[in-house]
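Asks: Dropping the structure in here first, questions after.
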Amino acid sequence: MVRFLLVSDIHDNLAAVQKMRSQEANGFDALIIAGDIGSNRTREIFDVFATFGCPVLYVYGNWDYKLDYFASFGSGCHHLHLAPFKVGQITFAGFSGCPTHWGRNPEWQLLQKDVDDAHCTIIKEMNAARATEEQVKSDIELTYAVSKQELIATSRRKPSQRKLDALDAERRRNLGALSSAVAEIESSEAYHLYRHDQSMVFDESLRRNRQALSDAIRNLNTSKSRIVVVTHERLSKTNVDFEGLPIFLFGHRHGFTETKFKGTQYVNVSVLDRRRLIRPKTFLPGDHFKQFRNLNVGNYAIMQWSEGTGFSVKSLDLELDHNWQENWELETGFHMPGAPFLF
């Protein structure tokens with residue numbers, strides 16, 4: 001029997017990674033990441049994963065748009081993008097990218113460059129129009145702020161609301177009278193053609209990545225029953241390009257699910273980065289908003305495989321010290337993703 005640790009949708013949440021690490025001992029044959037590692041704390045996260053002492057296999061998602069496809073995060077780390085990796089009797093294969101953002105996916109970049117080159121004139125016109133519009137908006141806002149400050153400074157007492165409203169009305173009139181150059185470009189035939197060609201880039205890049213992965217799997221010298229496909233977004237119509245494969249791992253949809261269709265398992269292993277905002281039952285004097293905290297309440301999964309039983313997956317939650325409820329309570333009215341973690 002072999003065991004694999006599955007994580008996804010980390011979103012730069014190093015605290016969640018450290019918490020998961022504290023819950024799990026070494027003893028896995030590999031650690032699998034189904035994308036959305038995060039582009040800002042990537043190396044710190046991989047440093048924690050490396051302490052498991054097993055191969056770390058990963059694909060990129062939309063949160064990883066800054067990451068180079070050929071970057072190295074350590075000798076034990078392997079990017080699965082069109083590069084299958086064998087662990088014992090099991091082979092993992094996949095590709096990186098996501099419908100919401102293909103990042104630095106090589107196929108996407110090539111196709112996008114072709115579109116940008118073909119429509120360079122309308123792109124330059126749009127960029128110039130937007131830059132001009134932003135500059136004019138900035139000038140209007142600055143003029144309003146200065147006029148308001150002068151009104152306050154020259155008034156013997158607090159300015160009347162009528163005068164303040166007049167300044168604001170002038171500001172809104174100036175903003176409303178901005179040049180419609182951006183809108184005119186957006187309504188032009190040339191811009192519509194550019195947007196159409198741009199929308200085709202996603203479909204074509206997805207088709208090429210699927211085909212390349214299918215070809216790579218077809219060239220493997222291993223049984224289909226021992227191949228695991230890892231992507232960030234769930235693949236559809238897998239019977240077309242990936243017929244006969246037993247299991248597909250993915251994330252992105254933020255919630256563990258396990259479904260089976262025509263003998264194939266589809267497992268959403270996410271999401272490690274799930275935060276719940278809590279508030280103190282009694283606020284201390286000072287800024288109340290600085291006293292809010294987050295709890296890490298995400299999940300990860302463990303997958304096992306044996307010759308006799310095949311693949312099985314179990315979801316586990318990050319553990320909480322329930323003593324937090326003595327002094328804290330859940331905040332349901334809003335979220336503060338940037339609030340510190342309680343522990």
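The values are calculated or read from the model by the stated rules, or taken from the named source; none is laboratory data. As the structure is a computational prediction, the values presented were derived from the model and not from experiment. All Cβ positions, glycine included, derive from the backbone under ideal geometry; neighbour counts span all protein chains shown. The area values use the complete protein model at the heavy-atom level, side chains included, leaving out ligands, DNA and RNA. Shrake-Rupley method; radii C 1.70, N 1.55, O 1.52, S 1.80 Å.
Asks: Compute the long axis of helix 120-154 from its Cα atoms, compare it with the longest principal axis of the Cα atoms of the chain, and write down the angle in degrees, 0 to 90, nearest 10.
Replies: In the chain, helix 120-154 runs at an angle near 50 degrees to the longest axis.
Asks: Which angle between 0 and 90 degrees, to the nearest 10, do you get for helix 106-118 versus the longest principal axis of the chain when only C-alpha atoms count?
Replies: 40
Asks: Going by accessible area, probe 1.4 Å, with all protein chains left in place, what is the ranking of 270, 199, largest first?
Replies: Reading off the accessible areas and sorting them downward yields 199, 270.
Asks: What is the list of residues in segment 122-141 whose amide nitrogen lies under 16 Å from a point 7 angstrom out from the Cα of residue 170, following Cα to Cβ?
Replies: The answer is 139-141, whose backbone nitrogens lie closer than 16 Å to the label point.
Asks: Using amide H atoms built in the peptide plane, which far-off residues or other-chain residues are under 5 Å from residue 95 H to H?
Replies: Long-range HN contacts for residue 95: 82, 230.
Asks: Would you mind calculating the gained length between residue 186 and residue 341 on full extension (0.36 nm times residue separation, minus the Cα-Cα distance), in nm to one decimal?
Replies: Taking 0.36 nm per residue and subtracting the Cα distance, the gain is 51.4 nm.
Asks: Using alpha carbons only, how many angstrom separate the centre of segment 176-235 from the centre of segment 95-170?
Replies: So the two Cα centres are separated by 27 Å.
Asks: Using a 1.4 angstrom probe on heavy atoms only, work out the carbon and sulfur share of the accessible area of segment 16-56 in %.
Replies: The nonpolar share, carbon plus sulfur, comes to 42 percent.
Asks: Quick one: Cα centre-to-centre distance for segment 261-321 and segment 43-69, in angstrom?
Replies: Each part reduced to its Cα centre gives a spacing of 18 Å.
Asks: Then there's this: Which whole-Hz couplings ³J(HN,Hα) result when phi for each residue of segment 242-258 is put into the Karplus expression 6.51 cos²θ - 1.76 cosθ + 1.60, θ = phi - 60°, listed in order with x for Gly and Pro?
Replies: Result, rounded to whole Hz: 9, 4, x, 7, x, 8, 10, 9, 7, x, 6, 8, 6, x, 5, 9, 9.
Asks: For the chain, with only Lys/Arg (+1) and Asp/Glu (-1) charged at the beta-carbon, what is the dipole magnitude about the Cα centre, in debye rounded to 20?
Replies: Dipole of the chain, to the nearest 20 debye: 800 debye.
Asks: Placing unit charges on C-beta atoms (Lys and Arg positive, Asp and Glu negative, everything else neutral), compute the dipole magnitude of segment 91-220 about its Cα centre in debye, rounded to 20.
Replies: Working: 19 positive and 20 negative charges, 187 e Å.
Magnitude of the dipole: close to 900 debye.
Asks: What accessible area per residue comes out for segment 264-343, rounded to a whole number of Å², with a 1.4 Å probe?
Replies: Details: 4400 Å² over 80 residues.
That works out to 55 Å² per residue.
Asks: Right, another one. Which value in nm describes the separation of the simple spin-label points at residue 40 and residue 330, placed 7 Å from the Cα toward the beta carbon?
Replies: A separation of 2.7 nm, rounded to one decimal place.
Asks: The chain: percent of C-alpha pairs farther apart than 26 Å?
Replies: For the chain, the fraction of Cα-Cα distances above 26 Å is 62 percent.
Asks: Using label points projected 7 Å from each Cα along Cα→Cβ, tell me how many nm separate residue 220 and residue 150, to one decimal.
Replies: So the two model labels end up 7.1 nm from each other.
Asks: So how do 84-94, 301-311 stack up, highest first, on mean other-Cβ count within 10 Å?
Replies: Result, highest mean Cβ count within 10 Å first: 84-94, 301-311.
Asks: How much of the accessible area of segment 163-257, probe 1.4 Å, is carbon plus sulfur, in whole percent?
Replies: Details: 2590 of 5390 Å².
The nonpolar share, carbon plus sulfur, comes to 48 percent.
Asks: Under the rule of -39500 (n - 2.57) per DSSP H run of 4 or more residues, summed and divided by the residues of the chain, what mean residue ellipticity at 222 nm is obtained, to the nearest 500 deg cm²/dmol?
Replies: Calculated at 222 nm, the ellipticity per residue is -12000 deg cm²/dmol.
Asks: Specify whether the C-alpha gyration tensor of segment 157-232 places it in the rounded, prolate or oblate class, a ≥ b ≥ c being the square roots of the eigenvalues: rounded for a/c under 1.5, otherwise prolate if a/b is larger than b/c and oblate if not.
Replies: The shape class here is oblate.
Asks: Also: Among rounded, prolate and oblate, which fits segment 1-42 when a ≥ b ≥ c are the square roots of the eigenvalues of its C-alpha gyration tensor, a/c under 1.5 means rounded, and a/b larger than b/c means prolate?
Replies: Details: a/c = 3.10, a/b = 1.59, b/c = 1.95.
Verdict is oblate for segment 1-42.
Asks: With 19 Å as the limit, write out which pairs from 19/66; 113/137; 66/237; 224/262 have Cα-Cα distances beyond it, or answer none.
Replies: Those over the limit are 19/66; 113/137; 66/237.
Asks: If you count the DSSP beta bridges with both ends in segment 198-343, what percent of them are antiparallel, to the nearest 5? Write out the running numbers ahead of the final one.
Replies: Values: 20 of 28 bridges.
Restricted to segment 198-343, the bridges split so that about 70 percent are antiparallel.
Asks: Right, next: Is segment 50-191 best put as rounded, prolate or oblate by its Cα gyration tensor, with a ≥ b ≥ c the root eigenvalues, rounded for a/c under 1.5, and otherwise prolate when a/b is larger than b/c, oblate when not? Don't skip to the end; give the middle numbers.
Replies: Values: a/c = 4.98, a/b = 2.12, b/c = 2.34.
Because a/c hits 1.5 or more and a/b fails to exceed b/c, segment 50-191 counts as oblate.
Asks: Please report, in cubic angstrom per residue, the volume enclosed by the convex hull of the alpha-carbon atoms of segment 82-126.
Replies: That works out to 73 Å³ per residue.
Asks: Can you give the angle from 0 to 90° between the axis of helix 189-218 and the longest principal axis of the chain, with both taken from C-alpha atoms, to the nearest 10?
Replies: Helix 189-218 and the main axis of the chain meet at about 20 degrees.
Asks: Can you pull the accessible area of residue 107 for me, 1.4 Å probe, Å² to the nearest 10?
Replies: About 60 Å², rounded to the nearest 10.
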